[in-house]
Every structure is written in C-alpha cells, then in structure tokens.
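Here is the structure we will look at.
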Amino acid sequence: MCGIVGYIGKDNAKNIVINGLKRLEYRGYDSAGVAFIDSGKLKIYKKSGKIRNLEFELNKDLSLPHIAIGHTRWATHGEPNDINAHPHVDCTAKIAVVHNGIVENFTELRKLLENRGHKFKSQTDTEVIAHLIEEEIQKGKNLQEAVLSAVAKLKGSYAAAVICESEPDKIVCVRKDSPLVIGIGEGENFIASDVPAFLSYTNKVIFLNDNECAVVTADNIKIFDLNGNKIEKAIKEIPWSIAQAEKGGYKHFMLKEIHEQPKAIGDTISGKMSIFKKDGKISMDFDKVQIVACGTSFHAGLIGKFFIESISQIPVSVDYASEYRYRNPIIDNKTLIIAISQSGETADTLAAVRLAKKKGAKVVAICNVIGSTITREADYTIYTHAGPEISVASTKAFTTQLAALFLFAVEVAKVRKAINEETENKLLNELSEIPKKLKTFLELEKERKFIRKIALEFYNSKDALYLGRFVNYPIALEGALKLKEISYIHAEGYPAGEMKHGPIALIDEKMPVVVIAPKDRVYEKMVSNIEEVKARKGKVIAVTNANCSEIEKLADFTIEIPITEELLYPFLTVVPLQLFAYHIADFLGYDVDQPRNLAKSVTVE
Ligand code: AGP
C-alpha cells in the first residue's frame, strides 16, 4: 500500500503534490518522490525516508511547474532507497510513472524488455510499466493509448499515474484492484490514492472503478474503460474532515485495519514463494522448526505450529523470543528458525535470530516491513502484504502472518512430497476462499452492528475469560490480548480443557466468557465446556457457525462465522474478537490506536 498524488492546474504543482503526499503518509513512509514538467523538461526528485527528506531536496529547485505526480512508498519489491523510490522513468527519461499495487508478472516482463535492449535502474516491479509505455509511444501511440496497451500486459494490481514530456498538459491514470480518486477543482484537477491528499482544496470527487482510465487536464477530465470507450461518471461530495478521511471514514485506524483484512490476506496469498527453489536460500534438509516471536506474532506462531505439523509432518516448537534467547535452546544446522515480526524491529525477536544464526541455524523471517532489520539478517523473508499497520493493536498483520505460515506449510509439504497435488490444490483453494468469506462477514457486521451491541453489555466488566481448543486455543490468547491492550480490562485466554484445572474458579455471573467453538473436531468438547461455564452462571459469548443449536441454546450471545476447513478457522474466529475488544475500548472512550504504555514496535529488551 503506497500513496500516489497528481496535480495539474495553475498553482505550484510541486507544493500541492508534496502536501498531498504528507496527507497519505499513513499509506507508506519508507521513501518518496515527485516528477514534474517545467519548460517542457521532465524533472525527477526522489529520496528514501520521510517525505521531509524529499521536501528538503525539492526546496532547492526554484521552478514553478503546473503539472506533477508524486508517490510515498511502502516497499513490496526492492529495498527502500533513492533508486527504488518512485517515480520510475523509461530509457529516454521522458516518461514518469508512479504506481501503487503489485505487478505480479514483472520478472517475465523485465526479461522480455531487457532482451529488447531496455536498461533498468531499480529492483522494483513498477519500472516495467514505464518501459512498456515507452515501447507503445515508439509505435506512434499517444500517451493514453500507450498506457492502455501497457497495462493490458500487466498481471496484478495497480493504480498508476503517468506524465510525459511529449504531452505536458495531461496526467493519464489507470486503476485495477488499487484505489484511485480524482479531485475536481476550478481550472485545476487532482488525482490520488485517497481523498485526504486534496481534501483541503476540493471535496468534489470522482472515484475510478477497476479497469478504468482517466485523462486529466487542468480544465477537463475524461474517463474511459480499458478498451478506450468513453464512460460517464458521477461526481460525489466528500462530507469528511481530513482526519476522518485518513481513516477512510472509520473512527480509528484499528477499525479500518480490521476491515482491510480480506484485501491484505488476498494480497499475501497472491505473493509468490520461491523459498526452496534451486536458487532459494533455504535447503530442505532441516528436521525441526523453531518459531520465535512476541505478542500477537507469537500467537500467529502457535497457529503456525498446527499448520506445519499437520500439513508437512515436521516437529515445531514455539517460543516467546524474550524467553528463547535465555533458555539456551538446542539448535543445530538441521534447525530452521521462523522469526515472525510485523515491524521487523522487535529487539527480543532480533536477538533470538542472532542467537540462532550464531549456532548455525537458517532463519526465515515472516515480516510486514521491507528493509527492516530482521529482513536484512534473515536468510529468507516471506513478506506479509498487510500494508502499513498504524494502530498499535495488531489485526491485519496477524491474519496475513497466518496466511504466510499456511503457504509455508503447504510449500514444505509439497517439496517433501508429504502431500499430493490434489491435497495441495484443495488446501490452497480453501485458503483462497477466506478473503471472500471474511468480506461477507465484515459487511454483515457493519450493517448489523451485532458485536457492538454485545460490547455494550460488557464494557464495564473487570475481567474476561477466553476459551478455545485445538487451532483456536491461540485465538483465545489473541482475543484476550486485544482486550487487555486497548481496554485495560484484565483478560485471560486458556485452552478450554484447562478450565477445570483452575480458571473455572474465576467464573460467576459477572464474568464474560468468550468461547471460540466452530464446527470442528473439538466442537462437542466445547459444548460441554460452555455447559460448565453456564453451570456457574458465567455470561457466554460464543463464536460458532450458523445452526449450532446446542450452543445457541446455552450461550447468552452467539456470533456466527462462515464455514471453512477446520485448520483455517483462526482467520475467521479472530475477527469477532478484534471487533469485540475494539468496541469495548471505544465505549470506554480510550485512544484505541495509541493505547497507554504500548509502542507499535518494541525496540528495547
Ligand atoms: C500486538 O497488538 C502488539 N502490538 C504487540 O504484542 C506486538 O504483536 C509485539 O510487540 C510484536 O511486534 P512485532 O510483530 O512487530 O514483532
């Protein structure tokens, strides 16, 4: 998830684009750049780091261009640095492109273009777009035609904006599976990934749909489909403040990020994994896996153990990184370490990685931030494509970590011939259904606000207990952590089978007990646990499937989730718990995105 901005009009386009990028910094902030045309010449400025670094460079340039495009980056392909920052240009440096999305077939396209003599400067997927447009213009096409022909060759997602010296009076932009909106001004127009970029100038907008292209000049906007047919579009008025807009109309980043999970999981699933390929850095001769992580990432690791052991039959241990580094773990060169970290900067996880490497183990990192320390020290990194996670309470990073762990388990099993092609396809098909199922659940909840109503019943609770079994026991831990970290209510997650060995003593009519009980191999066991809780007058909030009458009769509240393969339920069971915690914290009026005593990345021991 990056941010793109464009402006054409009478004012200084550089300043307007820079201000717009600052408004989109929540979409990505590891590098930025601007391209503009001044007295017929295309100029490019790009800098790694915060936008102020770029602004410092740009302020040295005194030109007053009226057309510019800009980009703030969240790296997916290629380290965050000045070269990989956008905009990217073609061989003639007369065409500039900014892009948000992932060109999945960029490796093949790059090879083709290099064989035809194109010289590439960056490691990005985006640069192929500039060279493809260059070829179409050399065939005599105008900029709009060239852009449409170029994107016809792309696989993946894109929101892209293009300017070129030969047509300095227009910005051509196009979208597929990444957001793009046009801002309508008087004698000036704007394009951007999101409305906050230009909301201080205009609230009149046209939202581009997938497979649409716009040709934007200072006093005109034309919309076409990808075959070049003209389309009429409605102009909408945005009623939001800029702060609201940055959260996409949601009250907090956490709620926005919860609703971004279907896309984030989809993007992570579509990522290619070449971990064990001939040129892959990890050989297959490991005989045990040790997962190290902290907090929510540790809970993802616990579920990863279920995935890897049940699908690829390899023994897995899971450790809190802060404990692992001091327990003198048994590590040898047949040990594969999986270090899970959203930020890639967590000190305890980093120390565990360094310890393991010193003892000869190979390290696979599962991380959400390209260029972060753990990705540089690991032997191989599987990237989660959650995009920037602003809220301290991790939500979308968690479910994308689950997706990465599931893909890893299937890849290991495939390479070790522990599963046949039919099973592999079945598992991957089930996984590919998750984004749709989650989207349906979230849209229904947005309408019904059922979980918000349940939260209203319990936001004054002093304690809460979360129970789960099998692959949903770690979800009980994660649900309890979410409630603790944003509502400051004491909460415990427990394997439901353990309840009778102690926690059951806590239960009375004041204790909310959240029970995760989908229709899987331990369903009946969970029903008996609910009966034990009800026998002590506990208040039961059950997360289960539709038509589970036993639970509906027993529970005080029943939250229904879609049906899926039993190993995949954590993708669906965690989301109601994220929402439950969110609404309780919101009712308590806390700053949900910046809870007390917590940091998004814990870089100290
Ligand atoms: C989770 O909501 C918290 N922010 C925290 O527990 C977090 O998961 C932990 O600090 C690990 O962070 P990491 O994934 O960036 O390494």
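We did not get these values from a lab; they are worked out from the coordinates using the rules stated. Being a predicted model, the structure only gives us computed values, none of them experimental. Neighbour counts are summed over all protein chains in view; Cβ atoms, including those assigned to glycine, are modelled from backbone coordinates with ideal geometry.
As I understand it, the value is the acute angle between the Cα axis of helix 13-23 and the longest principal axis of the Cα atoms of the chain; what does it come to in degrees, rounded to 10?
Its long axis makes an angle of about 0 degrees.
Tilt of helix 347-358 relative to the longest C-alpha principal axis of the chain, in degrees (0 to 90, nearest 10)?
Helix 347-358 sits at roughly 90 degrees to that axis.
Please list the non-local residues whose amide H lies under 5 Å from the amide H of ILE382, H modeled 1.01 Å from N, same-chain partners needing a gap of 5 or more.
Correct list: ALA365, ILE366, CYS367.
Under a straight-distance cross-link criterion of Cα-Cα below 21 Å, which lysines are reachable from LYS111, leaving out those fewer than 8 residues away in the same chain?
Cα-Cα hits under 21 Å: LYS119, LYS121, LYS139, LYS153, LYS155, LYS272, LYS277, LYS278.
Using amide H atoms built 1.01 Å from N in the peptide plane, name the residues 5+ places from LYS519, or on other chains, whose amide H lies under 5 Å from its own.
It is ASN545, by chain and number.
Taking the chain as the reference, fit the longest principal axis to its C-alpha atoms, fit the long axis of helix 473-487 to the helix C-alpha atoms, and give the angle between the two in degrees, 0 to 90, nearest 10.
70 degrees
Apply the Kirkwood formula to the chain: the hydrodynamic radius equals the inverse of the mean of 1/r over all pairs of different alpha-carbon atoms; give it in Å with one decimal.
Value: 25.5 Å, from the Cα pair sum.
Where nothing but the Cβ of Lys and Arg (+1) and of Asp and Glu (-1) is charged, how large is the charge dipole of the stretch 1-121 around its Cα centre, in debye to the nearest 20?
The calculation lands at about 180 debye.
Please compute the contact order of the chain in relative form: average sequence separation of alpha-carbon pairs under 8 Å and at least six residues apart, divided by the residue count, as a percent.
The normalised contact order for the chain reaches 10 percent.
If you take the Cα atoms of the stretch 406-487, find Rg, then find the Kirkwood Rh from the mean of 1/r over all pairs, what is Rg/Rh?
Details: Rg = 18.1 Å, Rh = 16.1 Å.
Using only Cα positions, Rg/Rh for the stretch 406-487 is 1.13.
Looking at PHE286, THR72, GLY6, which one has the Cα that reaches farthest to the positive end of the dipole of the chain (charges on Cβ: Lys, Arg +1; Asp, Glu -1)?
With unit charges placed on the Cβ atoms, the residue in question is PHE286.
Each residue of the stretch 75-84 in turn: what ³J(HN,Hα) in whole Hz from Karplus with 6.51, -1.76, 1.60 and θ = phi - 60°, glycine and Pro shown as x?
The phi angles translate into 4, 10, 10, x, 3, x, 7, 4, 6, 7 Hz.
From the phi angles alone, apply the Karplus equation (6.51, -1.76, 1.60; θ = phi - 60°) to the stretch 141-155 and give each ³J(HN,Hα) in whole Hz, x where the residue is Gly or Pro.
Couplings: 7, 7, 4, 4, 4, 5, 5, 5, 5, 5, 5, 5, 8, 8, 10 Hz.
Using all C-alpha to C-alpha distances in the stretch 446-605, build P(r) with 5 Å bins and read off the rounded percent in each one.
Bin by bin from 0 Å, the calculated values are 2, 10, 20, 23, 21, 14, 7, 3, 1, 0.
Once you charge only the Cβ atoms, +1 for Lys and Arg and -1 for Asp and Glu, what is the size of the charge dipole of the chain about its Cα centre, to the nearest 20 debye?
Details: 79 positive and 79 negative charges, 130 e Å.
Dipole of the chain, to the nearest 20 debye: 620 debye.
Taking θ as phi - 60°, what are the ³J(HN,Hα) couplings along the stretch 504-510 by the Karplus curve (6.51, -1.76, 1.60), each to the nearest whole Hz, with x for Gly and Pro?
4, 5, 6, 7, 8, 5, 8
Past the 28 Å Cα-Cα mark, which pairs from LYS256/LYS436; LYS46/LYS233; LYS222/LYS436?
Details: LYS256/LYS436 17 Å; LYS46/LYS233 34 Å; LYS222/LYS436 33 Å.
Pairs exceeding the cut-off: LYS46/LYS233; LYS222/LYS436.
Cross-link list LYS263/LYS519; LYS334/LYS525; LYS263/LYS414; LYS176/LYS426; LYS305/LYS500: which exceed 30 angstrom alpha carbon to alpha carbon?
Details: LYS263/LYS519 26 Å; LYS334/LYS525 37 Å; LYS263/LYS414 26 Å; LYS176/LYS426 28 Å; LYS305/LYS500 25 Å.
The pairs that break the limit, which is 30 Å between Cα atoms, are LYS334/LYS525.
With 10 angstrom as the radius, rank CYS173, CYS294 by how many other C-beta atoms surround their C-beta, starting from the fewest.
Exposure proxy ranking, most exposed first: CYS294, CYS173.
So how do MET284, MET511, MET526, MET1 line up by other beta-carbon neighbours within 10 Å, fewest first?
Exposure proxy ranking, most exposed first: MET284, MET511, MET1, MET526.
Of all DSSP beta bridges located in the chain, what percent are antiparallel, nearest 5?
Around 60 percent antiparallel, to the nearest 5.
Give me the distance between the Cα centres of the stretch 297-363 and the stretch 1-74, rounded to whole Å.
So the separation of the two Cα centres works out to 41 Å.
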